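Encoded as structure tokens, the structure appears first; notes follow it.
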Amino acid sequence: MVEINKVAILGTGCWRTHAATGITTFKRACEVADETGIKEAALTHSSVTYAVELKHLAGVDEVVLSDPVFDADGFTVVDIEEDCGVDLDEFIEAHLKGDPEDVMPKLRDYVNDIADDVPKPPEGAIHFLSPDEMEDKLDIVVTTDDAEAVEDADMIISWLPKGGVQPDIFKKIIDNIPEGCIVANTCTIPTRQFKEMFEDLGRDDLQVTSYHPATVPEHKGQVFVAEGYADEEVVEAVYEIGEKARGLAFKVPGYLLGPVCDMASAVTAIVYAGLLTFRDACTDILGAPVDFTQNMAVEALKMMAKFMEEEGLDKLEEALDPAALTNTADSMNFGPLADTEILPKALEVLEEYSKKAE
């Protein structure tokens, strides 16, 4: 039986990018505050929300949050009442009633106003609780020492920055990570690269999976756990703890985690819907064999990927007039492709992009 009694979370994020999107809220954080009775949980974001959930909803004995930014001069704490003019009780109530936009604009406006003056991590970050408040109010351990954080950990969650910085950070603490420890990526590095990183560091004993929110944790309660790299019982243990902590958990093949959970999930959703409706139109209505239909779809996907790689995403219209497809794909406008309006809408979009390129 896999036991997860101590979780170390490396990295805490910064709310400036969340404010910049104009759409994220604290809905999940407020739900956690309501479920736990800890009002301050409503003011958490990024991996801090994770920490509260794991400690108070999943029952993990010890949750350690590590980030050097806690000691940085640029660590900025926003007081939503004094700085934004929003009462905490009203903030929570608005989210629980489904009216977050009654309060969120004030927070976004304030954070957007100060964002240029606050250094980016690790020199600075924007949060709504101080490190002391995180410890005192949330009952989690806060540190700036990654080596101390991972000592005796059963699971490590990486909320470290994107890019090539993770290998350098983990290289410094690689010997401190317990043998067989579960290591989980989030939204900052693909699971496959995460696994390869540890193999390159000589730690192929580690159980690699994911704890991916597919959104910002304070906004929506869900987590995606990667299959295919860690032992099945490890994946199941992470899935179970994730379901308790986040409210909703999914198992996803590791190689699909990025396409399903990251920004390109918008592309994946469109492609997946297209595949399903194309399959049913061809097999159910035309009576085409499924292997023939699959080969046609595979060829289209491979060649579109090749087209983008060779021409460049910013030069697609120059290489192929989008209107070209309006005179070919319209012949497939029947059955589920038409009934769901997925193809008619796609043809409209292509026509619009063709006109823009003129």
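The values are calculated or read from the model by the stated rules, or taken from the named source; none is laboratory data. Quantities reported herein were computed from a predicted structural model and do not represent experimental measurements. Because the Cβ atoms are built from the backbone with ideal geometry, glycine has one as well, and the counts that use them run over all protein chains shown. Quick note on the areas: whole protein, heavy atoms, side chains included, nothing else; ligands and nucleic acids left out. Shrake-Rupley method; radii C 1.70, N 1.55, O 1.52, S 1.80 Å.
The table that follows gives values for the structure above.
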item	result
Selection count, the range 109-131, where residues are over 19 Å from Gly11 (Cβ atoms) and open to solvent by 100 Å² or more (accessible area, probe 1.4 Å)	3
Every residue from the range 37-51 that is part of a loop (DSSP other than H, G, I, E, B) and open to solvent by 10 Å² or more (accessible area, probe 1.4 Å)	Gly37, Ile38
Tally, over the range 209-243, of residues that are within 23 Å of Lys39 (Cα to Cα) and out of contact with any helix residue (DSSP H, G or I) (no Cβ under 8 Å at 6 or more places or on another chain)	3
Any hit, the range 96-106, residues being touching a residue at least 40 places away in the same chain (Cβ under 8 Å) and buried (at least 23 other Cβ atoms within 10 Å of the Cβ)	no
Residue match in the range 58-66 (condition: in contact with a Phe, Trp or Tyr (Cβ under 9 Å, 6 or more places away or on another chain) and under 30 Å from Glu3 (Cα atoms))	yes
Per-region count, the range 236-259, residues buried (at least 20 other Cβ atoms within 10 Å of the Cβ) and over 18 Å from the mean Cα position of the chain (by Cα)	1
Of residues in the range 78-90 being within 12 Å of Tyr110 (Cα to Cα) and touching an Asp or Glu at 6+ places or on another chain (Cβ under 9 Å), the one most open to solvent (accessible area, probe 1.4 Å)	Glu81
Selected residue (criterion: nearest to Asp152 (Cα to Cα)) from residues of the range 58-75 that are open to solvent by less than 50 Å² (accessible area, probe 1.4 Å) and touching a Lys or Arg at 6+ places or on another chain (Cβ under 6 Å)	Val63
Matching option when the condition is in contact (Cβ under 8 Å) with a residue 40 or more places away in the chain, crowded, with 21+ Cβ neighbours inside 10 Å, basic (Lys, Arg) and under 26 Å from Ile114 (Cβ atoms), among Arg16, Arg28	Arg28
Selected residue [more than 30 Å from Leu54 (Cα to Cα) and surrounded by 14 or more Cβ atoms within 10 Å (Cβ to Cβ)] from Asp321, Asp262, Asp314	Asp321
Qualifying positions in the range 215-233 - open to solvent by less than 10 Å² (accessible area, probe 1.4 Å) and either over 22 Å from Glu179 (Cβ atoms) or assigned to a helix (DSSP H, G or I) (or both)	Pro217, Glu218, Val223
Selected residue (criterion: most open to solvent (accessible area, probe 1.4 Å)) from residues of the range 324-347 that are in a helix (DSSP H, G or I) and hydroxyl-bearing (Ser, Thr, Tyr)	Ser331
So Leu65, is it closer than 15 Å to Leu107 by Cβ, modelled with pLDDT of 95 or more and over 17 Å from the mean Cα position of the chain (by Cα)	no
